[in-house]
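Below is one structure, written out as structure tokens; comments come after it.
The values are calculated or read from the model by the stated rules, or taken from the named source; none is laboratory data. In this text, all values refer to a predicted model and were calculated from it rather than measured experimentally. Please note: Cβ atoms are built from the backbone with ideal geometry, for glycine as well, and neighbour counts cover all protein chains shown. Heads up: the accessible areas ignore ligands, DNA and RNA and are worked out on the full protein's heavy atoms, side chains in. Shrake-Rupley method; radii C 1.70, N 1.55, O 1.52, S 1.80 Å.
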Amino acid sequence: MYNFIVNLFSEDDYDALLNDETSDQKIGKTKALIVPPNISDEPFVIDPANLEDEFDQRPWLKVYGSKYFKSENFIRPTHNSSNNIGGNNALLSHSLTHYKITDAFIDKDENNKAVKYSNDNIVITIPHEKINNYKKSSAEIKLYAPFLYICDNVFNFFINFNNINPDNNFDLAQNDYVIFLSNEEDVNSYLDAVSSYTVDKLLKYKTFEDECDCCGLHDQLYMLSQGNLFDLQKDRKYLLRHPTRYKTNLKSKNPENFNVCGKCAKQTYNFFEYIKAYKFYRYVFPTSIGVTSNDYKDYSSKPLSILKMLNHLYNSNRFQAFDYVMMLTDPKIENIEFIYVSNFDYELHNEYSYNVEDLLIYSALKELPSKDKDGEITRIGNLRNKSIFLRELNLLFNNTLVGSLFETDPSKLIKSLHPFLKLKLIEYNSVICNYIYYQNNSLFEDKIFTKLFREILSETIRNSKFRDELKISSNKIRFFLIIYYKYLSMEQNGGDIITEYMSLKEKMDENDSFKIENDFEASYCMGQIFYYLLQVSKGQNTLELFTKYTMNVHDMEMLKSKLITVLEKYSHNEYLDGNRKFHNMMSGVLAFEFSKSYDNNKIPLYTGYFDNNYLYYSKKEGNETELQEESE
């Protein structure tokens, strides 16, 4: 795992990734005052966010390279102010050359507001005590000994700051920078010295000299944690173990020991800086295919973005499954876990394939209104992959599933979320997440998929307040049912249920009579009969009536008795006496002996109710559709 982290990106890649995305210079609101090596030369101001333009205007600056003007490499790169030269009692910089105008250097009045000159520029004061402390401390750093001329330039410049910059004519403000240039021939050696100084401050826990367990270089080594336990201290020396805190022999080849050279340790540090800067609380490491920094472009830790990344890798791997490790952590990067995923497959495969448009209920479906959002679902198609599956399940949870997939704390869910959905999210988000990202098929193998749909559909049918609050129409319930049947064949025996549904369609086509042969057909036909009888109740919501008659049912025999009650109450349908389809279906349902429980027959019952109604016939063509629309 560490080898992968170290080699994921090059040092230059990390510099670009970190500096480009985390720098306040990128915002374009800061400027830098450049002080030439010959202090007698006039300083000048540049815009660090537009270096190419600055290089065009002053071609001689190109020798310094863009890295020299990325101040994050020089000012507090360790995020620990005690590593500044001279600590907090000096000029608040990690290097000899780069300084930030902080609030500490801005004069304030009695109201704590910045004092200004007559030209409206703020008054900046660099205390001489801090300048003297800087000169003393910098002279004691061996790495910076070859560059003492820079120290002299810094000292002379800040001591005479008000003369060089009278009335703050350079218009420096808070968060602007002052950058001193080294001699041109010293640029590379100076940058190396800054890098070494940074590494020394970051990697304080030296162990011994030997070969690096990562790159093989013989050098001073540092111990990294193993497994899922990490030493994340307040000063952010993550992963670096203090050797005296552990009783193991540091030089043994025990799996607990993983010792790396300074360069590899710094790469590991850079990785976690990158993770933190981009807020990647979940991160994908493909182990069986190669990646580049471009593969991580436009990627975030949001659930759908992770799938976007996995889809990209899947396509790069020529549509073949691949292995990867996912890092899970919290926003503070304090608890980290690595999960290995074998043979991740982005596409959903099953032996029983069919066109969802061939489902009988599909013809009753109307597209959902579009909200012009990327990736929204307005209709159900045949494409079956992890992203589509997740988006379609998201409809079932009123578009709250995706954002809650990795959440385990109920208190952190959307506060306005309906209590029932909140309960179902906590109950099911983990098993859905495991299927989507970790190739764990228990969602289908243990028939949790059907259980989920049965529970949510039951609550939707049973609870009119729930429907009203979430604005769930009959059309949306049809969406739920089609999503269910679309993926049902991935469950054991799910394909058999689809076959029963498709066979029933063939039986019903242009036939006034057919034999009911299984629980699915009988339950579906009961739904058809309920709808057919209840549609004549003018002025009443037929779905609420359906809820009333099916609410407290516990078995199929009780449901039969409820059906008879509805028949006795609503049998005044003017077409009922002459409707052979109705009489044949009614007698077939009442004569059928159910073998499954009411719970197991709920979904086909609901399917029959919301499907196009086979029983309705009239001299007025198209009335069935109109009646169904009225019932919504």
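Accessible area, 1.4 Å probe, largest first: how do GLU337, GLU72, GLU517 sort?
In descending accessible area the options line up as GLU517, GLU337, GLU72.
In vacuum, with every alpha carbon of the chain counted as one equal point scatterer, what does the Debye formula give for log10 I(q)/I(0) at q = 0.11 Å⁻¹? Two decimals, please.
-1.05
Taking the Cα atoms only, what angle lies between the long axis of helix 262-278 and the longest principal axis of the chain, rounded to 10 degrees?
50
Please give the per residue volume of the convex hull enclosing the alpha carbon atoms of region 421-521, rounded to a whole number of Å³.
Convex hull of Cα atoms, per residue: 126 Å³.
Per the Kirkwood definition applied to all pairs of different Cα atoms, how many angstroms is the hydrodynamic radius of region 1-201?
Taking the inverse mean of 1/r over all distinct Cα pairs, region 1-201 comes out at 17.8 Å.
Just reorder THR102, THR30 by solvent-accessible area, largest first, 1.4 Å probe, all chains present.
Output order, biggest surface exposure first: THR102, THR30.
Quick one: with all protein chains in place, what share of the accessible area of the chain is carbon or sulfur, to the nearest percent (1.4 Å probe)?
45
For region 401-443 and region 56-108, what is the separation of their C-alpha centers, rounded to whole Å?
The distance from the Cα centre of region 401-443 to that of region 56-108 comes to 45 Å.
If amide H atoms are built 1.01 Å from N in the plane of the peptide, which residues on other chains or at least 5 residues away come under 5 Å of the amide H of PHE44?
Amide H neighbours of PHE44: ILE34.
Under 1.5 on a/c is rounded, so check that first for region 493-619, then, if it is not, pick prolate when a/b is larger than b/c and oblate when it is not; a ≥ b ≥ c are the square roots of the alpha carbon gyration tensor eigenvalues.
In terms of gyration-tensor shape, oblate.
Relative contact order, percent, of region 493-619 when contacts are C-alpha pairs under 8 Å separated by at least 6 residues?
Taking the mean separation of contacting Cα pairs over the length of region 493-619, I get 44 percent.
Are there any trypsin sites (Lys or Arg not before Pro) in region 468-520 that are in a DSSP loop and have at most 13 other Cβ atoms within 10 Å? List them by number.
LYS471, LYS515
Through the Karplus equation 6.51 cos²θ - 1.76 cosθ + 1.60, θ set to phi - 60°, convert the phi angles of region 84-91 into ³J(HN,Hα) values in whole Hz; use x for Gly and Pro.
Couplings: 5, 5, x, x, 7, 8, 10, 8 Hz.
Please give the FRET efficiency for LEU143 paired with ASP41, using the beta carbon to beta carbon distance and R0 = 30 Å, rounded to the nearest 0.05.
Here the calculated transfer efficiency is 0.65.
Express in nm, to one decimal, how much length is gained between VAL123 and THR499 on full extension, taking 0.36 nm for each residue of separation and deducting their alpha carbon distance.
127.2 nm
If one computes the Cα centroid of region 577-617 and of region 122-199, what distance in Å separates the two points?
Cα centres, region 577-617 to region 122-199: 86 Å.
When the label point is put 7 Å from the Cα of PHE319 along its Cα-to-beta-carbon vector, which residues of region 352-366 have a backbone N closer than 17 Å?
Backbone N within reach: 353-354.
Taking the convex hull of the alpha carbon atoms in region 353-501, what volume per residue do you get, in Å³?
In region 353-501, the Cα hull volume divided by residue count equals 118 Å³.
Just by accessible area at a 1.4 angstrom probe, what is the order of ASP577, ASP56 from largest to smallest?
Correct descending sequence by accessible area is ASP577, ASP56.
What number, in percent, do you get for the relative contact order of the chain if the mean sequence gap of Cα pairs under 8 Å and at least 6 apart is divided by its residue count?
9 percent.
At 1.4 Å probe size, with no ligands or nucleic acids counted, give the accessible surface of HIS218 in Å², nearest ten.
Around 120 Å² of this residue is reachable by solvent.
Based only on Cα atoms, what Rg/Rh ratio does region 337-376 have, Rh being taken as Kirkwood's radius?
1.17
Keeping every protein chain present and rolling a 1.4 Å probe, give me the accessible area per residue for the chain in Å².
Averaged over the residues of the chain, the accessible area is 47 Å².
Can you give the helix-only mean residue ellipticity at 222 nm for the chain, where every DSSP H stretch with n ≥ 4 adds -39500 (n - 2.57) and the sum goes over all residues, rounded to the nearest 500 deg cm²/dmol?
Mean residue ellipticity at 222 nm (helix-derived): -13000 deg cm²/dmol.
Compare the Cα positions of ASN584, LEU470, PHE514 along the charge dipole of the chain (+1 at Cβ of Lys, Arg; -1 at Cβ of Asp, Glu; about the Cα centre) and return the one farthest towards the positive end.
The residue sitting farthest along the positive end of the dipole is LEU470.
Tell me which trypsin sites (Lys or Arg not before Pro) from region 84-156 have a DSSP coil assignment and no more than 13 other beta carbons within 10 Å of their own.
The qualifying sites are LYS113.
What percent does the relative contact order of region 285-340 come to when contacts are Cα pairs within less than 8 Å and at least six residues apart?
35
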